[in-house]
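The values are calculated or read from the model by the stated rules, or taken from the named source; none is laboratory data. A quick note: this is a predicted structure, and the numbers were derived from the prediction, not measured. Here the Cβ positions follow ideal geometry from the backbone for every residue, glycine too, while neighbour counts run over all protein chains shown.
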Amino acid sequence: MTATFETTAWSCAVRLVVTDDRVLDRAARDLVALLDRVDRAASRFRADSALGVANARAGRPCAIPRLLVDLVGAALDAAAATDGAVDPTLGLAMQRIGYDRDIAAVQAGDVAAGSPTVPSLPGRWRSVRLHREAGLLTVPVGTALDLGATAKAWTADRAATTLAGRYGTGVLVELGGDLAVAGSRPGGWVVRVAERAGAGDGQLITLRHGGLTTSTTTVRTWTRGGRPQHHIVDPVSGEPVTGPWRTATVAAGSALAANTASTAAVVMGAGARAWLRDQGLAARLVDQAGAVHVLGGWPDPRPAAELLGAAS
């Protein structure tokens with residue numbers, strides 16, 4: 001019998017669904033433990049995280065744990081796959097626009113204008129030095145790594161795959177807008193796709209394998225000096241993206257691949273459709289006026305009357 005565990009972490013909803021209710025408690029404990037390990041390894045908001053230490057030592061090789069090696073490697077692979085549209089070296093740009101602590105704290109009040117945002121340097125991700133075998137990371141001087149664009153999706157994939165193998169059950173893991181499935185569930189998972197959790201509109205689709213992610217400029221928002229901001233940053237300008245798409249949802253072979261593509265689509269703007277088609281990916285794009293555009297075999301939009309599995 002299917003069973004569900006829900007909690008919050010990293011200021012987002014966490015959902016675990018298993019097809020064997022007998023393993024839910026153990027699987028939930030394992031998931032919470034993994035989330036804690038990832039936070040201690042890769043949080044940009046913790047000075048004592050392994051990533052925080054490496055950022056503070058920019059320009060010098062820093063020994064990092066294997067978990068952070070995997071997370072940084074995933075971020076650099078995403079940058080290479082998108083020609084830098086998904087760039088992990090935007091930590092300082094995030095700070096300049098006010099995203100310098102947990103999003104719940106940022107959203108609690110207007111962020112002071114502070115220092116002006118300055119243009120980033122496209123391609124700085126190529127200067128990150130990661131020795132995967134030795135576990136050494138060198139962050140380029142003048143930058144800070146922010147793994148927010150990939151770490152949640154990587155963690156969803158790792159959790160789903162690990163739990164399915166460990167407990168012999170079908171598994172769905174959702175971390176905010178990043179959703180991964182693993183193991184066996186005949187007929188797949190019916191999930192609701194919407195711009196924000198709990199929204200009345202949306203679309204029901206069936207996910208049989210891999211991952212599904214949504215990247216949007218409408219949820220992690222705040223004001224800075226009276227001006228609206230969001231967390232998806234253009235690597236060229238160092239400012240929040242202002243392109244034609246406010247939301248992109250992509251289905252792919254993993255949550256990491258899907259998130260890489262959905263984030264890249266928002267950043268790429270007008271060029272996103274052609275790029276997604278070249279990648280052979282099914283996608284649902286929402287423009288600034290709220291109109292929905294689908295491509296790559298994504299099913300035609302239809303109202304979602306109810307949530308029948310887990311929401312993305």
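Going by the conditions given, is G142 over 18 Å from A80 (Cα atoms) and at pLDDT below 95? Yes.
Quickly run through segment 243-295 and pick out the residues that are within 20 Å of A156 (Cα to Cα), buried (at least 23 other Cβ atoms within 10 Å of the Cβ) and more than 15 Å from the chain's Cα centre (by Cα). Within segment 243-295, A283 is the sole residue that qualifies. Checking each residue of segment 222-240 against the condition of being in contact (Cβ under 8 Å) with a residue 12 or more places away in the chain, in the same structural domain as A282 (by TED's automatic domain parsing), under 24 Å from P299 (Cα atoms) and more than 14 Å from the chain's Cα centre (by Cα) gives no match. In the set V14, V32, V23, V69, only one residue is over 20 Å from G177 (Cβ atoms) and in the same structural domain as L172 (by TED's automatic domain parsing); that residue is V23. If you scan segment 175-193, which residues turn out to be surrounded by 14 or more Cβ atoms within 10 Å (Cβ to Cβ) and farther than 21 Å from A264 by Cβ? Answer for segment 175-193, where residues must be surrounded by 14 or more Cβ atoms within 10 Å (Cβ to Cβ) and farther than 21 Å from A264 by Cβ: V181, A182, G183, R185, G188, W189, V190, V191, R192. Applying the criterion of being closer than 26 Å to T214 by Cβ and of a type in the set (V, I, T) to the residues of segment 134-160, the residue that is nearest to the chain's Cα centre (by Cα) is T150. At least 1 residues being under 27 Å from A93 (Cα atoms) and among the basic types (K, R) is the threshold, and among the strands (runs of 3 or more DSSP E) wholly inside segment 156-231 those reaching it are 221-224, 227-230. Checking the stated criteria, G225 turns out not to satisfy the condition of being surrounded by fewer than 24 Cβ atoms within 10 Å (Cβ to Cβ) and either of a type in the set (S, T, Y) or out of contact with any strand residue (DSSP E or B) (no Cβ under 8 Å at 6 or more places or on another chain) (or both).
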